[in-house]
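In what follows, a structure is listed as structure tokens, so that the remarks can point back to it.
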Amino acid sequence: MSTATPDAAPLTVVLAHGAFTDASSWNGVIQRLQAAGVQVTAPPNPLRGLSVDSAYLKSFLEQIPGPVLVVGHSYTGAVISNAATDVENVVGLVFVAAFATDEGETVGEVAGVSKDAVLSPALITLHYPTGEGQETAGELAVDPAKFREVVAADLPAEQTAVMAATQRPIAELAFSEQCGPPAWKSLPVWAVVATGDKAAGTDVTRSQAERAEATITEVEGSHVIMISQPEAVAGVILTAAAAVGRQVAAVGG
């Protein structure tokens, strides 16, 4: 599959992981995108707060030559909404079991209205040094005993035990900082809604995708749908890549 335009850099798909996971959560999707000839990268997400994470991703996106399709999972839907605003080479967004937050909203407020999510009671609070003397800040992790039920119920217990042990905690600040103007208001948007999402909540991710006027694909599976259903998620990304590739070619031509 070619998404390059004449005399221009090819389209790059950027896969941004969410809370409690790392970039390896995209491995199955990456394999399928690379097999289709798509240029793809999956940077680390600091998970230190919406402003920090958005600034980091924005800097990463601006250093990529050529057009970029940005994909965000979970909390990082809010990050890509913020990071991609005013980044000229971003041509589309894909939300995967993700929040598509609007200006002034916080991830905590949005997540709190879900009737499908059971994440909050499963969270445990940890602390990390801020670098300011003896000051510490709070971060959240999922109780390993509840990780499979809440995050990845459609994966084998042995696999989720490893995921729970290697999970990346997220700063509490990520849930309380307000979102800025979202990029989804000015870019084409696609969304994968996981029908069994007990972490972000299927009801919330669906309603936010509808508000963003995304092209929605519902896939049966858990919050980590990109791990349990990589073929379906990669298919949506390929569809989006083809669509934005045609738009880029039309503008360039």
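The values are calculated or read from the model by the stated rules, or taken from the named source; none is laboratory data. It should be emphasised that the depicted structure is a prediction, and the values quoted were computed from it without experimental measurement. Cβ coordinates were reconstructed from backbone atoms using ideal geometry, including for glycine residues, and neighbour counts include every protein chain displayed. Ligands, DNA and RNA are excluded from the accessible area calculation, which covers all protein heavy atoms including side chains. Shrake-Rupley method; radii C 1.70, N 1.55, O 1.52, S 1.80 Å.
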_Residue pairs meeting the criteria (Cβ under 9 Å; at least 6 apart or on separate chains; first closer than 13 Å to ALA137 by Cβ and in a loop (DSSP other than H, G, I, E, B), in the stretch 150-177; second open to solvent by less than 60 Å² (accessible area, probe 1.4 Å) and among the β-branched types (Val, Ile, Thr))_ = PRO169/VAL142; GLU177/THR106; GLU177/VAL107
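If you check GLY49, GLY28, which single one turns out to be open to solvent by less than 10 Å² (accessible area, probe 1.4 Å) and either in contact with a strand residue (DSSP E or B) (Cβ under 8 Å, 6 or more places away or on another chain) or touching a residue at least 60 places away in the same chain (Cβ under 8 Å) (or both)? Write out each step before concluding.
On the way: GLY28 fails: open to solvent by less than 10 Å² (accessible area, probe 1.4 Å).
Step by step, each of GLY49, GLY28 is checked, and only GLY49 is open to solvent by less than 10 Å² (accessible area, probe 1.4 Å) and either in contact with a strand residue (DSSP E or B) (Cβ under 8 Å, 6 or more places away or on another chain) or touching a residue at least 60 places away in the same chain (Cβ under 8 Å) (or both).
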*Residue that is farthest from ALA243 (Cα to Cα) [pool: residues in the stretch 160-211 that are open to solvent by 70 Å² or more (accessible area, probe 1.4 Å) and among the acidic types (Asp, Glu)]*: GLU172
*Check whether at least one residue in the stretch 1-11 is out of contact with any Ser or Thr (no Cβ under 7 Å at 6 or more places or on another chain), free of Cβ contacts under 8 Å to residues at least 12 places away in the same chain and not in a loop (DSSP other than H, G, I, E, B), and report yes or no.*
no
*Among the residues of the stretch 188-197, is any more than 19 Å from THR76 (Cβ to Cβ) and assigned to a strand (DSSP E or B)?*
no
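Select, from ALA161, ALA153, ALA145, ALA242, the only residue that is modelled with pLDDT of 95 or more and touching a Gly at 6+ places or on another chain (Cβ under 9 Å). Even if it seems obvious, please write down each step before you answer.
Working: ALA161 fails: touching a Gly at 6+ places or on another chain (Cβ under 9 Å); ALA145 fails: touching a Gly at 6+ places or on another chain (Cβ under 9 Å); ALA242 fails: touching a Gly at 6+ places or on another chain (Cβ under 9 Å).
Criteria check complete, one pass: ALA153.
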*Name the pairs: first residue in the stretch 75-90 and within 15 Å of THR21 (Cβ to Cβ), second residue of a type in the set (Asp, Glu) and crowded, with 24+ Cβ neighbours inside 10 Å, Cβ to Cβ under 9 Å, at least 6 apart or on different chains?*
TYR75/ASP53; THR76/ASP53; VAL79/ASP53
_Condition (residue is in contact with a Pro (Cβ under 6 Å, 6 or more places away or on another chain), outside any loop (DSSP other than H, G, I, E, B) and closer than 20 Å to PRO181 by Cβ) applied to the stretch 39-48: is it met by at least one residue?_
no
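Every residue in the stretch 52-74 that is assigned to a loop (DSSP other than H, G, I, E, B) and touching a residue at least 40 places away in the same chain (Cβ under 8 Å), please.
Within the stretch 52-74, the first condition is being assigned to a loop (DSSP other than H, G, I, E, B), and the residues that meet it are 63-67, 74.
Answer for the stretch 52-74, where residues must be assigned to a loop (DSSP other than H, G, I, E, B) and touching a residue at least 40 places away in the same chain (Cβ under 8 Å): ILE64, PRO65, GLY66, PRO67, SER74.
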_Top-ranked residue of the stretch 96-145 - restricted to ones that are loosely packed, with under 12 Cβ neighbours inside 10 Å and of a type in the set (Gly, Ala, Ser), ranked as farthest from VAL192 (Cα to Cα)_ = GLY133
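State whether one or more residues within the stretch 79-90 are among the acidic types (Asp, Glu), within 21 Å of GLN178 (Cα to Cα) and either touching a strand residue (DSSP E or B) at 6+ places or on another chain (Cβ under 7 Å) or open to solvent by 10 Å² or more (accessible area, probe 1.4 Å) (or both). Explain how you work it out, then say what you get.
Taking the stretch 79-90 first, the residues among the acidic types (Asp, Glu) are 86, 88.
Those still in the list that are within 21 Å of GLN178 (Cα to Cα) too: 86.
Adding the requirement that they be either touching a strand residue (DSSP E or B) at 6+ places or on another chain (Cβ under 7 Å) or open to solvent by 10 Å² or more (accessible area, probe 1.4 Å) (or both) leaves 86.
Checking the stretch 79-90: at least one residue is among the acidic types (Asp, Glu), within 21 Å of GLN178 (Cα to Cα) and either touching a strand residue (DSSP E or B) at 6+ places or on another chain (Cβ under 7 Å) or open to solvent by 10 Å² or more (accessible area, probe 1.4 Å) (or both).
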